[in-house]
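Trainee: Take this structure first; my questions come after.
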Amino acid sequence: QVQLVESGGGLVQPGGSLRLSCAASGSIFSIDAMGWYRQAPGKERELVARITRGGSTNYADSVKGRFTISRVNAKNAVYLQMNNLKPEDTAVYYCKAEGVRDTGTWWGSDYWGQGTQVTVSA
């Protein structure tokens with residue numbers, strides 16, 4: 001019943017900006033951490049940014065200073081503001097929710113979104 005849906009991807013020129021959004025739906029009691037990952041063709045999926053429920057963040061070295069992750073716990077949503085985009089940022093971006101507890105259960109599970117394409121090209 002838990003579902004993550006990403007939006008906001010698209011085609012942008014180098015130096016441009018995009019804002020990705022991800023919302024979790026379902027009978028959710030709580031979510032521990034939420035993050036953004038990306039995967040380019042022929043490469044492994046890699047961490048882009050992650051944020052805990054309390055607001056602690058970490059970023060990949062390649063995006064630090066350009067990307068900002070944030071979340072609104074009351075909406076079960078996470079966002080990624082991407083500025084000064086580079087061609088190397090081109091990838092499918094996936095939203096992940098960790099330690100998701102469904103209402104009425106004591107255990108937590110991880111969920112992935114379907115992915116949204118980000119293409120940076122002149």
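The values are calculated or read from the model by the stated rules, or taken from the named source; none is laboratory data. Because the structure is predicted, anything quoted here is derived from the model rather than measured. Cβ: placed from backbone, ideal geometry, glycine included. Neighbour counts: every protein chain shown. For the accessible areas, the whole protein counts, side chains as well, though only heavy atoms, and no ligand, DNA or RNA atoms are used. Shrake-Rupley method; radii C 1.70, N 1.55, O 1.52, S 1.80 Å.
Trainee: In segment 78-88, is there at least one residue being modelled with pLDDT of 95 or more, within 22 Å of Gln1 (Cα to Cα) and not basic (Lys, Arg)?
Mentor: yes
Every residue, every condition in (1) open to solvent by 40 Å² or more (accessible area, probe 1.4 Å); (2) assigned to a strand (DSSP E or B); (3) not aliphatic (A, V, I, L, M), yes or no:
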{"site": "Gln1", "(1), (2), (3)": "yes, no, yes"}
{"site": "Val5", "(1), (2), (3)": "yes, yes, no"}
{"site": "Gly15", "(1), (2), (3)": "yes, no, yes"}
{"site": "Ser21", "(1), (2), (3)": "no, yes, yes"}
{"site": "Arg38", "(1), (2), (3)": "no, yes, yes"}
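Trainee: I need the full set of residues from segment 65-122 which are of a type in the set (Asp, Glu), surrounded by 15 or more Cβ atoms within 10 Å (Cβ to Cβ) and part of a strand (DSSP E or B), in order please.
Mentor: Glu98, Asp102
Trainee: With (1) in a loop (DSSP other than H, G, I, E, B); (2) among the small types (Gly, Ala, Ser); (3) open to solvent by less than 20 Å² (accessible area, probe 1.4 Å) as the list, and Ala49 as the residue in question, which single condition is left unmet?
Mentor: If we test Ala49 against (1) in a loop (DSSP other than H, G, I, E, B); (2) among the small types (Gly, Ala, Ser); (3) open to solvent by less than 20 Å² (accessible area, probe 1.4 Å), just (1) comes out false.
Trainee: What number of residues within segment 95-118 satisfy the criterion of being of a type outside the set (A, V, I, L, M, F, W, C) and either in contact with a Lys or Arg (Cβ under 7 Å, 6 or more places away or on another chain) or within 16 Å of Arg45 (Cα to Cα) (or both)? Steps first, answer last, please.
Mentor: Going through segment 95-118, the residues of a type outside the set (A, V, I, L, M, F, W, C) turn out to be 96, 98-99, 101-105, 108-111, 113-117.
From what is left, the residues that are either in contact with a Lys or Arg (Cβ under 7 Å, 6 or more places away or on another chain) or within 16 Å of Arg45 (Cα to Cα) (or both) are 96, 108, 110-111, 113-117.
Result for segment 95-118: 9.
Trainee: Right, next: List the pairs whose first member sits in segment 81-103 and is farther than 15 Å from Ala60 by Cα and of a type in the set (Gly, Ala, Ser), whose second member is open to solvent by 20 Å² or more (accessible area, probe 1.4 Å) and not in a strand (DSSP E or B), and whose Cβ atoms are under 8 Å apart, counting only residues at least 6 apart or on separate chains?
Mentor: Once the first residue is farther than 15 Å from Ala60 by Cα and of a type in the set (Gly, Ala, Ser) and sits in segment 81-103, its partners that are open to solvent by 20 Å² or more (accessible area, probe 1.4 Å) and not in a strand (DSSP E or B) give Ala97/Val2; Ala97/Asn76; Gly99/Asp32; Gly99/Gly108.
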